[in-house]
1. Can you list the lysines whose alpha carbon sits under 26 Å from that of Lys44, skipping same-chain ones fewer than 8 residues off?
2. With just the Cα atoms of the chain, tell me how far they stretch along each of the three principal axes, in Å, largest first.
3. Taking only the Cα atoms of region 108-196, how large is their convex hull per residue, in Å³?
4. Using 0.36 nm times the number of residues separating Leu190 and Leu126, minus their current alpha carbon distance, what extension gain do you get?
5. Residue separation times 0.36 nm, minus the C-alpha to C-alpha distance between Gln119 and Phe5: what's the value?
6. How far apart, in nm, are two points set 7 Å out from the Cα along the Cα-to-Cβ line at Ile50 and at Leu16?
7. What order do you get for 37-49, 153-165, 89-101, 126-138 when each peptide is scored by the mean count of other beta carbon atoms within 10 Å, highest first?
8. Only Cα pairs within less than 10 Å get springs; with that Gaussian network setup on the chain, which residue of Arg174, Arg109, Arg63 has the largest fluctuation?
Amino acid sequence: MNLDFAPFIPSMPYILKGILVTLQIVIIAGVLGFVLGTILSLFKISNIKILNWFANVYTSIFRGTPLILQLMLIYYGSPQVLGYQIEPYTAAILSFGLNSGAYISEIIRAGILAVDKGQQEAAMALGVPYGKMMWDIILPQALKNILPALMNEFISLTKESAIVTSIGVMDIMRRSYQVGADNYSFFEPLLIAGFIYYLMVITLTFLGKALEGRMRRSD
């Protein structure tokens, strides 16, 4: 096997620009997924049955179907459903955010249920409103317990973001593929893309462990 990376060195700045595109999609979709997941988790532990039903059905659908199918439905189905074609970038954020929200809702729900029930009982005995109790007492404690799981979800989102190349988003994978097509050699640029993703995941893992350690020291 003969590997020659020299022809691809001039194209490195072009490939590296895809990092910003990937990070923008992952960060915005991650925030959307976290907000949506928090809301869904509260629905799941609510005493209102219709909210329970909605959250469980939503989670079942988005966890039970492939992410790439959801991406395709949102992107290619938008002209038929909405009457206009949404941008690939927007479709990527929506699909990843909606999908991530389903997984994060289960993570947060488990974190909330893991908090000592005495905390909630004490807050209720003191007359603390439910919303304030969840926001100021229960959720902060739950987040400390589920931080590793949240970081794993964020890392998975970073890796899975590579599928946006299927709808033409100019991310790391798409740019690497185009460089390969221009040079009639795909193996080296795809290895470069893999190495970039690996470095991103390693960096996120390190940051997650640092944040987890800091939160433990603050207890």
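Read the figures in this text as sums done on the coordinates, not as results from a lab. Source: prediction; values computed, not measured. Positions of Cβ are generated from backbone atoms using ideal geometry, with glycine treated the same way; all protein chains shown enter the neighbour counts.
1. Within the straight-line cut-off, Lys44 pairs with Lys117, Lys132, Lys144.
2. Ordered largest first, the chain gives principal extents of 70, 48, 24 Å.
3. Numbers: hull volume 9.9 nm³, N = 89.
Per residue, the Cα convex hull of region 108-196 comes to 112 Å³.
4. Working: separation 64, 0.36 × 64 = 23.04 nm, distance 5.92 nm.
Here the segment from Leu190 to Leu126 would lengthen by 17.1 nm.
5. Full extension of this stretch gives 35.2 nm more.
6. 5.5
7. Values: 37-49: 17.1, 153-165: 19.6, 89-101: 22.5, 126-138: 13.2.
Packing order, densest peptide first, comes out as 89-101, 153-165, 37-49, 126-138.
8. Highest fluctuation of the listed residues: Arg63.
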